[in-house]
Amino acid sequence: MMSSDEPTAPPPLAAAQAQFAKLQRQYQQTLDRWTPHVLQRWLGTFGLLSLFMLRIVLSEGWYIVCYALAIYLLNLLLAFLQPRFDPSLQDDLVADEIEEGTGDEGPTLPSQRDDEFRPFVRRLPEWQFWLSSTRAVVVALFCTLSEIFDVPVYWPILVVYFCVLFALTMRRQIQHMMKYKYIPFDIGRKARYGGSN
């Protein structure tokens, strides 16, 4: 007969879950330590990307993987450059209200704090942009280790198609930035308040 004082061994599933939780905590702690080092993080990502491109050029294969990575990185870049609250959507909502006759009959003063100045808030924060792009490059590197992903294609067509896609999407994004007068980067000297400058 077992006494209640003897410790029971945890079931294997509980031990595996505890180990997984421990690994998750260690992973999160590592990411937290990397957060303030922006330049070093991006240099590491560009190093991984250079290693990936070197692998593609030297092996003369995995062009589909390279193209998929480029499209994914372009989507991340566009999300990074766009504001979280798109002014064109707000203009469309106001236009719909005017057409339906439910909108106000003219411009009004701001009635809430939200109607006043709002700083530029990105749709995709820098940290998420870096983390997603780094993960994508690592996955792409692992894909080059398998022959399954080495699909024979005529790579110059992919390069031309990507360049056209990049030019069109960036032109549209720049036109959007000019129309709504926002700049997604901090350019120029920062204003200091309360100082002698």
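Values quoted throughout were computed directly from the atomic coordinates according to the rules given, and no laboratory measurement underlies them. Please read all numbers here as calculations on a predicted model, not as lab measurements. Cβ coordinates were reconstructed from backbone atoms using ideal geometry, including for glycine residues, and neighbour counts include every protein chain displayed.
Some observations on this one:
- Length gained on full extension, E60 to F142, computed as 0.36 nm times the residue gap minus the Cα-Cα distance: 27.9 nm.
- R122 long-range amide H proximity, modeled H, under 5 Å: R84
- Under 9 Å, Cβ to Cβ, from A79 - net charge with Lys/Arg +1 and Asp/Glu -1: +2
- The length gained on full extension between Q40 and V121, counted as 0.36 nm times the residue separation minus their Cα-Cα distance, comes to 26.8 nm.
- Model label sites at C163 and M53, defined 7 Å from Cα along the beta-carbon direction, differ in position by 1.4 nm.
- Full extension of the segment from I71 to Q128, taken as 0.36 nm per residue of separation minus the current Cα-Cα distance, would add 18.8 nm.
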